[in-house]
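The values are calculated or read from the model by the stated rules, or taken from the named source; none is laboratory data. This structure is a prediction, so every number in the text was calculated from the model and none was measured. FYI the Cβ positions are ideal-geometry reconstructions off the backbone, even for glycines, and counts take in every protein chain you see.
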Amino acid sequence: MDFTLFENATSVSAIYKRSLPTFTKIEVVKITIIPGEDTELILTLDTTELPEVLPLKWSKKRINTVQFEIDFIDVDLKKICLTKSMDYNFIMQRKDEKNVVILKNLLDNKEITFDSKWAYIRNISGYEK
């Protein structure tokens, strides 16, 4: 996962240091679409890829999951195909001055795809699932 594609990737590197998550197996928790002039898509996802050293406030709890809330701005939805399994491979690339996002279902290879101008990490939190 190339976190430099996010406008504010420092929050990820502050938590994960050198071993950033790969997002090769994430669980899609929620997708929120806010229509408007610059359509917004908020993706909430869980990963079990934990930092090597947990942040101090997480170390006192039994953290086994990290939840990311990612905000995509000026979105062009290409395809949404949801299936029973919510386990996905998260792929984001830069092409023609846009972020191309592909969420590929690990069970049946069906995809959720969209483009966005900007991508921001809104929140990162750890919890026990």
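With 19, 85, 11 as the choices, which residue is among the small types (Gly, Ala, Ser) and touching a Pro at 6+ places or on another chain (Cβ under 8 Å)?
19
Of all residues in segment 10-26, which are surrounded by 17 or more Cβ atoms within 10 Å (Cβ to Cβ) and within 19 Å of residue 93 (Cβ to Cβ)?
12, 21, 23, 26
I'd like to check something: does segment 51-61 contain any residue that is crowded, with 17+ Cβ neighbours inside 10 Å and over 12 Å from the mean Cα position of the chain (by Cα)?
Yes: segment 51-61 contains one or more residues that are crowded, with 17+ Cβ neighbours inside 10 Å and over 12 Å from the mean Cα position of the chain (by Cα).
State which residue is surrounded by the fewest Cβ atoms within 10 Å (Cβ to Cβ) when the search covers only segment 27-47 and only residues that are touching a residue at least 40 places away in the same chain (Cβ under 8 Å) and closer than 22 Å to residue 59 by Cα.
Here the residue is 46.
Here are some conditions: (1) modelled with pLDDT under 95; (2) in contact with a strand residue (DSSP E or B) (Cβ under 9 Å, 6 or more places away or on another chain); (3) of a type in the set (D, E, K, R). Residue 60 meets all but one. Which one does it not meet?
(2)
Among the numbered criteria (1) crowded, with 16+ Cβ neighbours inside 10 Å; (2) within 22 Å of residue 15 (Cβ to Cβ); (3) among the polar types (S, T, N, Q), which single criterion is violated by residue 105?
Looking at each condition in turn, residue 105 falls short on (2).
If the requirement is being within 14 Å of residue 116 (Cβ to Cβ) and of a type in the set (Ser, Thr, Tyr), which of these qualifies: 39, 4, 44, 10?
Going through 39, 4, 44, 10 in turn, just one is within 14 Å of residue 116 (Cβ to Cβ) and of a type in the set (Ser, Thr, Tyr): 39.
When the residues of segment 41-76 are narrowed to those that are assigned to a helix (DSSP H, G or I) and either in contact with a Gly (Cβ under 8 Å, 6 or more places away or on another chain) or among the small types (Gly, Ala, Ser) (or both), which ends up farthest from residue 127 (Cα to Cα)?
For segment 41-76, the residue satisfying everything is 59.
Mind checking which residues of segment 48-70 are basic (Lys, Arg) and without any contact (Cβ under 8 Å) to a residue 24 or more places away in the chain?
Selection gives 57, 60.
Restricting to segment 13-31, name every residue that is on the phi < 0 side of the Ramachandran plot and either part of a loop (DSSP other than H, G, I, E, B) or more than 13 Å from the chain's Cα centre (by Cα) (or both).
Matches in segment 13-31: 13, 14, 15, 16, 18, 19, 20, 21, 22, 24, 25.
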